[in-house]
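Chemist: This structure is in C-alpha cells; I'll ask about it shortly.
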Amino acid sequence: MARRTALSSPGTGKPERIATVLEHEIRSGVLGFGDRLQSENELVQRFSVSRNTIRKGLEELSSRGLITTKVGIGSFVTFDGMPVDDAVGWSRALANAGANAETRTLRLEVMQDAELAARLGVESPFFIAVDRVRSNADDGHAISIERSRLPLSPELEDVPLRGLREGSLHQTLRGAGLVPDHGEEWVDIEMLSAEDAAILDCAPGAPFLRTRRLTRAADGRAIEYVTSLLNPAHFALHLEF
C-alpha cells in the first residue's frame, strides 16, 4: 500500500508544505543526489491533494534549488511512418495519419473483471467492454484490434443499449464528461492467439505490437483501459530523447 503523508504547519499553503516535506527528505539523505522523485500520481496519492497542488509544490522545490526537471523520453505510435495522435480519438488519429480505416465493433456489453478492478483501483468489478477491429478500407486487410474496458458508471450505464455516440468511443466519453487528463502506457510484443489471428486474418503466433493504455481524469479516476494489437507492417513505436 502506498504511504500517505499528513501535511502539518497549517499556517502555510499546501504546495509550500509539500515542498518542505520533500526538502527534508532530500537534506536528510532519504533522497540522494540524482534520485528520481515519486511520480506525480504517486505524490497525489501520498499527500491526498490534486495534481495542480503537487505541481506547484514541485515548482516551489525547484525554486529552492533542490530539484531539476529533465526532458523525458517522448514516445508515440506511428502508422506507416506518420505520428498517431490518439488524443483526438483513434479513428480521427488514423485518418490524420493517412489511414483509410474502417471500424467494426465486435463486442459492446457489460462484463465483470475483479482482477482488473483491483489493478485500476476501482471499487466495482463491472466494466463496459468495447472490442473493435479496424481494417484497411482499400483492401479489407485488418490492421488492429482494440479491447477497451470502461469502469461502469452512471454516465455510461446506457451505452451498451444505445451504442457509441456517432460510432466513436472518444465522442462517447467526452459526451459523458469523461475527459482524460493523464495516464500510462505499456508497449511490448505479443504472439497472436488463434482467436485473434482468425479476426486479423493472420497466422497464429505472428508477432504484433501490443499497447496497454490507462487514462485517468484530473481527479485520478480511471476512465479507460485499452489493450491494442497493432499490425507491425503498419505500426511502430517512435521514441524521442
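Chemist: For residue 116, which of the numbered conditions (1) modelled with pLDDT of 90 or more; (2) in contact with a Gly (Cβ under 6 Å, 6 or more places away or on another chain); (3) hydrophobic (A, V, I, L, M, F, W, C) fails to hold?
Modeler: Only one criterion is unmet by residue 116, namely (2).
Chemist: Residue 149: under 23 Å from residue 112 (Cβ atoms), of a type in the set (D, E, K, R) and touching a residue at least 40 places away in the same chain (Cβ under 8 Å), yes or no?
Modeler: Numbers: under 23 Å from residue 112 (Cβ atoms): yes; of a type in the set (D, E, K, R): yes; touching a residue at least 40 places away in the same chain (Cβ under 8 Å): yes.
It is true that residue 149 is under 23 Å from residue 112 (Cβ atoms), of a type in the set (D, E, K, R) and touching a residue at least 40 places away in the same chain (Cβ under 8 Å).
Chemist: Restricting attention to segment 210-228, does a residue exist that is in a helix (DSSP H, G or I), crowded, with 19+ Cβ neighbours inside 10 Å and modelled with pLDDT of 90 or more? I'd like the intermediate steps shown before the answer.
Modeler: First, the residues of segment 210-228 that are in a helix (DSSP H, G or I): none.
For segment 210-228, residues in a helix (DSSP H, G or I), crowded, with 19+ Cβ neighbours inside 10 Å and modelled with pLDDT of 90 or more: absent.
Chemist: Return the only residue of 165, 132 being touching a Lys or Arg at 6+ places or on another chain (Cβ under 8 Å) and either at positive phi or not hydroxyl-bearing (Ser, Thr, Tyr) (or both).
Modeler: Working: 165 fails: touching a Lys or Arg at 6+ places or on another chain (Cβ under 8 Å).
After applying the criteria, what remains is 132.
Chemist: Scan segment 94-108 and tell me whether some residue there is within 23 Å of residue 198 (Cβ to Cβ), at pLDDT 95 or above and surrounded by 15 or more Cβ atoms within 10 Å (Cβ to Cβ).
Modeler: Checked against the condition, which is being within 23 Å of residue 198 (Cβ to Cβ), at pLDDT 95 or above and surrounded by 15 or more Cβ atoms within 10 Å (Cβ to Cβ), segment 94-108 yields at least one hit.
Chemist: Right, another one. Within segment 10-56, track down each residue that is exposed (fewer than 12 other Cβ atoms within 10 Å of the Cβ) and among the small types (Gly, Ala, Ser).
Modeler: 11, 28, 29, 32, 34, listed by residue number.
The values are calculated or read from the model by the stated rules, or taken from the named source; none is laboratory data. Note that the structure is predicted; figures quoted are calculated from it, not measured. Methodologically, a virtual Cβ is constructed for each residue, glycine included, from the backbone with ideal geometry; neighbour enumeration extends over all protein chains shown.
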